[in-house]
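The values are calculated or read from the model by the stated rules, or taken from the named source; none is laboratory data. Predicted model, so just to flag it, every value in this text is computed and none were measured. With ideal geometry, Cβ positions are generated from the backbone for all residues, glycine too; neighbour counts draw on all protein chains shown.
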Amino acid sequence: MPELPEVEALREFLDENLVGKEIARALPVAISVLKTYDPPLSALDGTTVTAVGRHGKFLDIEAGGLHLLVHLARAGWLQWRDVLPSGPPRPGKGPLALRVALTGGDGFDLTEAGTTKRLAVHLVHDPADVPGVARLGPDPLADGFDREAFAALLAGERRQVKGALRDQSLIAGIGNAYSDEILHAARMSPFKPVRNLGDDEVTTLYEAMRGTLAEAVERSHGLAAGRLKAEKKSGLRVHGRTGEPCPVCGDTIREVSFSDSSLQYCPTCQTGGKPLADRRLSRLLK
Ligand SMILES: [Zn+2]
């Protein structure tokens with residue numbers, strides 16, 4: 001799933017390649033992808049893209065005073081096309097969900113792999129009209145988001161640190177992969193309750209969060225859209241690396257599985273050498 005660093009890199013890419021260009025047509029190909037109907041998608045035809053922004057994991061393409069908000073969800077992606085194929089795309093087959101054709105013959109496709117369709121596109125007058133955008137917490141890389149602002153967010157938080165970091169309404173843009181990376185950098189158990197964090201640990205977590213995300217954005221900087229996914233994978237130290245050696249201490253990276261996801265961590269770096277209980281595994285052993 002694209003998270004803050006990948007969406008930010010896509011934003012930069014589109015800022016360079018899309019701003020100033022005229023939209024010929026925006027075509028929904030998968031019926032479920034478009035979540036709004038007023039204004040219609042055809043309102044974009046003939047408009048010029050004026051800006052590309054980001055809200056958490058949402059891309060915000062501004063054209064003709066309207067905002068095309070794109071949430072790529074778990075398996076969605078944006079593919080830039082220097083030359084779009086002529087002829088209309090065929091609905092119902094393949095991963096193509098929506099196509100934006102520019103008057104110059106180039107454009108981009110929004111695609112989604114797999115059978116679970118979660119990619120969401122909204123066309124609105126104001127980004128805050130999209131509930132998922134309206135409830136976003138602060139951006140962790142925003143200039144004014146300092147350690148005190150982070151500590152204030154965590155005050156009264158009753159969840160474990162992994163769940164809190166992934167909550168978009170608490171803090172925007174961090175998902176399953178970067179929360180694993182941040183906690184590894186902070187040498188902290190994903191299951192540690194936020195209310196048990198001391199002042200020093202809040203500082204450590206804040207620095208790990210800013211450092212990990214800024215580093216990932218920096219790595220992705222200037223990469224074409226097509227290369228971002230590979231770059232994300234190569235930059236991750238623990239996430240998706242079950243069974244591999246920890247790049248810091250050499251211990252074996254372990255995982256905890258849930259019904260629809262899993263987390264990865266290093267026992268030596270994060271949990272005092274003790275493996276965390278894996279509920280799926282314990283169920284199997286009963
Ligand atoms: Zn380690």
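Scoring Leu96 on the criteria (1) over 20 Å from the mean Cα position of the chain (by Cα); (2) more than 30 Å from Glu181 (Cβ to Cβ) leaves a single failure, condition (1). In the stretch 257-269, the residue that is nearest to the ligand (Cβ to nearest atom) out of those that are under 15 Å from Pro190 (Cβ atoms) and modelled with pLDDT under 95 is Ser262. Under the condition of being in a loop (DSSP other than H, G, I, E, B) and either modelled with pLDDT of 95 or more or away from the ligand (no atom under 16 Å from the Cβ) (or both), the residues counted in the stretch 274-286 number 3.
Does the stretch 68-89 contain any residue that is modelled with pLDDT of 90 or more, β-branched (Val, Ile, Thr) and under 29 Å from Pro131 (Cβ atoms)? Yes: the stretch 68-89 contains one or more residues that are modelled with pLDDT of 90 or more, β-branched (Val, Ile, Thr) and under 29 Å from Pro131 (Cβ atoms).
So, of the residues in the stretch 209-219 that are farther than 13 Å from Lys162 by Cα and not acidic (Asp, Glu), which turns out to be nearest to the ligand (Cβ to nearest atom)? Ranking the qualifying residues of the stretch 209-219, first place goes to Thr212. Of the residues Glu215, Glu157, the single one that is outside any loop (DSSP other than H, G, I, E, B) and not hydroxyl-bearing (Ser, Thr, Tyr) is Glu215.
Conditions (1) touching a residue at least 40 places away in the same chain (Cβ under 8 Å); (2) assigned by TED's automatic domain parsing to the domain that holds Gly94; (3) of a type in the set (A, V, I, L, M, F, W, C), marked per residue:
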{"position": "Glu157", "(1), (2), (3)": "no, no, no"}
{"position": "Ser169", "(1), (2), (3)": "no, no, no"}
{"position": "Asn176", "(1), (2), (3)": "yes, no, no"}
{"position": "Asp180", "(1), (2), (3)": "yes, no, no"}
{"position": "Leu183", "(1), (2), (3)": "yes, no, yes"}
{"position": "Pro193", "(1), (2), (3)": "no, no, no"}
{"position": "Thr203", "(1), (2), (3)": "yes, no, no"}
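Is one or more of the residues making up the stretch 229-236 more than 26 Å from Val7 (Cβ to Cβ), in the same structural domain as Ile171 (by TED's automatic domain parsing) and within 16 Å of the ligand (Cβ to nearest atom)? No - not one qualifying residue is present in the stretch 229-236. Note on the stretch 221-269: among residues that are of a type in the set (A, V, I, L, M, F, W, C) and assigned to a helix (DSSP H, G or I), the one that is nearest to the chain's Cα centre (by Cα) is Leu228. Whether a residue is in contact with a Leu (Cβ under 9 Å, 6 or more places away or on another chain), surrounded by 20 or more Cβ atoms within 10 Å (Cβ to Cβ) and touching a residue at least 12 places away in the same chain (Cβ under 8 Å) was assessed, and Leu14 passes this test. Is it the case that Pro190 is assigned to a loop (DSSP other than H, G, I, E, B), within 15 Å of the ligand (Cβ to nearest atom) and touching an Asp or Glu at 6+ places or on another chain (Cβ under 8 Å)? Spelling it out, Pro190 is indeed assigned to a loop (DSSP other than H, G, I, E, B), within 15 Å of the ligand (Cβ to nearest atom) and touching an Asp or Glu at 6+ places or on another chain (Cβ under 8 Å).
The conditions of being within 16 Å of the ligand (Cβ to nearest atom) and either at pLDDT 95 or above or buried (at least 19 other Cβ atoms within 10 Å of the Cβ) (or both) are met by Ile182. The residues of the stretch 17-64 that are more than 18 Å from Ala128 (Cβ to Cβ), part of a strand (DSSP E or B) and among the basic types (Lys, Arg) amount to a single one, Arg25.
The set of residues in the stretch 208-260 that are in contact (Cβ under 8 Å) with a residue 12 or more places away in the chain and charged (D, E, K, R) comprises Arg210, Glu215, Arg219, Lys229, Glu231, Lys232, Arg237, Arg241, Asp251, Arg254, Glu255.
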